[in-house]
Structure formats: C-alpha cells, structure tokens
Amino acid sequence: MNLNATFIGQMVAFVIFIYLTHRFVWPPIVAAMAERTKRIADGLQAADKAEKDLELAKQKVVEQLTSAKKEAATIIDQANKRAIEIVEEAKEKARLEGDRLKVSAQAEIDQATSRAREELRSKVVTLALAGAEKILESSIDQNAHNELVNKLAAEL
Amino acid sequence: MSSAEHAEALTSSEYIKHHLTNLTYGKLPDGTWGFAHNGDEAAQMGFWAVNVDTMGWSLFLGALFFFIFRSVAKKVTSDAPTGLQNYVEAAVEFVDSNVKGMFPYKNTMIAPLALTILVWVFFMNAMDLIAIDLLPEIAKLVGVSLGADPHAVFFKVVPSTDPNITLGMAACIFLLILFFSFREKGVIGFAKELCLHPFSSKNVIVQIAVIPVNFVLEAVNLIAKPVSLGLRLFGNLYAGEIIFILIAIMIGANLVLGFFGISLQIVWALFHILIIALQAFIFMVLTIVYMSMAYQTDEQH
C-alpha cells in the first residue's frame, strides 16, 4: 500500500506498451479492417452492377429474339414468294417449249406434206403421160407437150 | 476460493492483512537489499522499493496483451476473420468508435493509447477472478522451497489493487494532458485557461483580483483529473478484492458457512465481472475525454 518505485515502473511500462501498440498493433489491424470495409463496399457495388447488367442482358435477349423471329418470318415469306416465282417461271418455260415444239412439228408436218404432194404430182404427171400415151396409141412429142403436161401438173 | 487451511493457521485479521500486503523488494532496515518480511518493514523501505508481485503481474499482463494483439496484427487479413482475430477486431473497433466519437482531433496516438488502457486494465482487473488463494499459495510453495518464511511470502495478484499501478498510469495521462495542453494552446493559452476561468470580468482590476482564485480552482480541477482517475480504479478493485477476502474467511469457518461462502463467492465473482469491464472502460473513456479537453482550444464557458 506504500507509494514506491512501482509507481515509476508502471509509468515506464505504460509508455512502452503505448508505444508498442501504436507502432506494431494498431496500424496493421486498422488497415486490414479498413480494407475489408472497402472490399465489402466494392463487392456490394459490383453485385448491384451485375444485377443491372443481368437486367440489361435479359432485355437484350428479348429484343434479339424478337428481331430474329421477325427476320425469320421475312425470310420465309421471301422464300415462299421465290418458290412461287420459280414455279411460275417453270410453267412459262414449259409452255414456251411446248409452243416451240408444236411449231417445229407443224413445220415438219408441212414440209412432209409438201414433199409428198410434190412427189404425188410428179408421179401424176408420169401417170398422165403414160395414160395419154396409151389413149392416143401414139407417142406424144415429149418436147412439144411438156409444157402442157407441166401446166396440168401445176393445177393438181 | 478454498482458504480453510490458511484461515486456520492465521487469525482472520492476519489473513486479511496478509492478503493486502505486497511482496516488496527494497532496502531492509539492516542495510541489505531483499524482500520485506512484513508490512511495516515494507513501509520503512521508503520510495525506492518495488512491489514485485503487482509490478510483475502488471508487466506480464501488458506483455500478454501485446503478444496476443501482435500475433493477430502479424497475420491479419482483410478476408473473413477467424478465431482470435474476431475478438481483437471487436476490441479495436470498439475503441476506434469511442475515440472517433469523443476525440474529434487529429492524433494517431490516442486510439492505441485507449486500446492499451482498455485491454491492459481489463486483464489486470480480471486477475481478481482467479481464486483468491490459488496464486498466493503457489507463490508460498515456491517461496518456501527457496527458503523463505511462509508467513513472509506476500503475493497480491491484482495489479489494479495497488495504487502505485493505477496512479502510475494516471500520472502518465496527466503528463499527456499537460503536454497536449501546452502544445495545442501554447504556454500563454494554457495559462489563460488556468487564470481566466471560471470567473472573468471586463473590468481589468476585478479580473486581476480574481486571477488567484481562478488559478487555485483550475489547478485543483486539473490535478483532480489524474488523482480521481487513478483512485477510482484502485478503489473499485480494492473494495472488490476485500469482499473476496472476507467471503474467503467465511469459507474456512465451518461446512454450512463454507458452502454458503462458496456460493457467495460465485455470485460476487459474477457481479465483479461487470466492475472489471466497467472500470477498464471508464478509465479508457475518461482518458479520451481528458485528451480531448487538452486539445480543446475554443473557449466554451
């Protein structure tokens, strides 16, 4: 209970422990706590931002989906149109081809007809001459009557 | 808490006296240096003697505080805190918020100072919770084995029941008050604060007349700060320890009183936890407030 040098000892010890705490204990702990506070704040901010980003992304997805659907519909429309066009074209082509074939066939037929007629005519001429010869029993002057016979043949 | 053996060997008053005497090392009456054999001898040693028990425990607990906090500070992380770091951070945060609330000036030393006080004083007070005879009996065994008289081995384990310890800390606070007062206000500003309050007058003659009165009042005010700071802590813990001692005497009386005493001891210990923490907190808060007052330059009267 006596006041003695313990008093001074405690003063010295107190100063030393204050210094040690000030130098070695307080700064690192407070720094770590401040850093954690900052990290938590940053984390919360990042979470907020991520949520917003997610919202935006969702919106974007919806927009893109809608536009993609529209595009697809347009493409299908165009394809349908094109198909119809192609069919029409093909039909037209076929019709033209048919016409062309018909025309050429007609021409061939005409050709064959005229050729047959020509042949027939020449044969008729020969036959007529032979018939006339027989009727007249005399030979007809080929040269003298040729013109007459040709005229006859042309009238057939 | 068990003191039966001890109380039988000593009378009650001897038992109390024994518990309230420090193990003092100093110059003995015969001129040699050594441990005092009784309280009177310790008193005769004068100022140049050391209470080895309280000083030792004080240093040990201070070192314990430092090493616990230093070990955490070394591997402190800003990730999720684990284990001891939780407690250390709780203490640091508590001190930090108190300092920020009461000390609005810029000084990085105040918060570590407050932390040191809070934890160290708490540890010193908490020694009160260790069974009152345990450590003294161990000390006695050690002392006897070293050849000392068993009745001369005094051992007080609660440093804050030694006024040297509490007043020593208060004296440091007082020196800091003076230092910061002079630094922040200047010699003239500090002198003005001491001489022009609480009475002031526009009349110069009256003002000069009241200066001595003011100075006496303010000086008392200033000196009362460390004295009350130190004695408050000492008084509370000393009273608490005496109650532990008195209940311990009851335990030695007989079986019925013994059980009653044990339960009383537990009840008092539980209640004492409040005092232990509260006194450490009060010491810290008052220190911060005194520092804040030393910094206060604008006059608010």
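Quick notes on this structure:
- Qualifying residue in the range B:127-137 (condition: within 8 Å of chain A (Cβ to nearest Cβ) and either in contact with a helix residue (DSSP H, G or I) (Cβ under 8 Å, 6 or more places away or on another chain) or within 21 Å of B:M284 (Cβ to Cβ) (or both)): no
- A:K69 meets the stated requirement of being more than 14 Å from chain B (Cβ to nearest Cβ) and not hydrophobic (A, V, I, L, M, F, W, C).
- Residue in the range A:130-139 that is within 17 Å of A:A153 (Cβ to Cβ), in a helix (DSSP H, G or I) and open to solvent by 100 Å² or more (accessible area, probe 1.4 Å) present: no
- Meets criteria (more than 14 Å from chain A (Cβ to nearest Cβ), in a helix (DSSP H, G or I) and on the phi > 0 side of the Ramachandran plot) for B:G186: yes
Residue-wise test of (1) over 44 Å from the mean Cα position of the chain (by Cα); (2) open to solvent by 70 Å² or more (accessible area, probe 1.4 Å); (3) free of Cβ contacts under 8 Å to residues at least 40 places away in the same chain.
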position: A:T6; (1), (2), (3): yes, no, yes
position: A:A13; (1), (2), (3): yes, no, yes
position: A:R39; (1), (2), (3): yes, yes, yes
position: A:V61; (1), (2), (3): no, yes, yes
position: A:L65; (1), (2), (3): no, yes, yes
position: A:K69; (1), (2), (3): no, yes, yes
position: A:A72; (1), (2), (3): no, no, yes
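- In the range B:66-89, the residues that are at the interface with another protein chain (Cβ under 8 Å from one of its Cβ atoms) form Cβ pairs under 7 Å with partners that are of a type in the set (D, E) and surrounded by fewer than 17 Cβ atoms within 10 Å (Cβ to Cβ), at six or more places apart or across chains, as follows: B:S78/A:E35.
- For the range B:75-99, residues that are out of contact with any helix residue (DSSP H, G or I) (no Cβ under 9 Å at 6 or more places or on another chain) and open to solvent by 80 Å² or more (accessible area, probe 1.4 Å) total 1.
- Yes/no for A:R95 being open to solvent by 100 Å² or more (accessible area, probe 1.4 Å) and more than 9 Å from chain B (Cβ to nearest Cβ): yes
- Residue in the range B:101-112 that is within 10 Å of another protein chain (Cβ to nearest Cβ), open to solvent by 20 Å² or more (accessible area, probe 1.4 Å) and touching a helix residue (DSSP H, G or I) at 6+ places or on another chain (Cβ under 6 Å) present: yes
- Taking the range B:118-138 as the range and being touching a Ser or Thr at 6+ places or on another chain (Cβ under 6 Å) and among the hydrophobic types (A, V, I, L, M, F, W, C) as the test, only B:M124 passes.
- Top-ranked residue of the range B:113-138 - restricted to ones that are surrounded by fewer than 17 Cβ atoms within 10 Å (Cβ to Cβ) and either part of a helix (DSSP H, G or I) or not β-branched (V, I, T) (or both), ranked as modelled with the lowest pLDDT: B:A131
- Residue that is farthest from the other protein chains (Cβ to nearest Cβ), among those in the range A:1-38 that are of a type in the set (S, T, N, Q) and part of a helix (DSSP H, G or I): A:T37
- Scanning the range B:249-301 for residues that are among the β-branched types (V, I, T) and open to solvent by less than 40 Å² (accessible area, probe 1.4 Å) yields B:I249, B:I251, B:I275, B:I276, B:V285, B:T287, B:I288.
- Near pairs, Cβ below 7 angstrom, 6+ apart or cross-chain, from the range B:236-258 (touching a residue at least 60 places away in the same chain (Cβ under 8 Å)) to any residue that is surrounded by fewer than 15 Cβ atoms within 10 Å (Cβ to Cβ) and of a type in the set (D, E): B:G252/B:E8
- Note on the range B:149-175: residues that are under 24 Å from B:S228 (Cα atoms) and open to solvent by 30 Å² or more (accessible area, probe 1.4 Å) amount to 3.
- Residue that is modelled with the lowest pLDDT [pool: residues in the range B:39-65 that are open to solvent by 50 Å² or more (accessible area, probe 1.4 Å), facing chain A (nearest Cβ under 8 Å) and in a helix (DSSP H, G or I)]: B:A43
The values are calculated or read from the model by the stated rules, or taken from the named source; none is laboratory data. Given the structure is predicted, the values throughout are model-derived calculations rather than measurements. In this analysis, Cβ positions are derived from the backbone assuming ideal geometry, glycine residues included, and neighbour counts consider all displayed protein chains. Areas reflect the complete protein model, heavy atoms only, side chains present, ligands, DNA and RNA absent. Shrake-Rupley method; radii C 1.70, N 1.55, O 1.52, S 1.80 Å.
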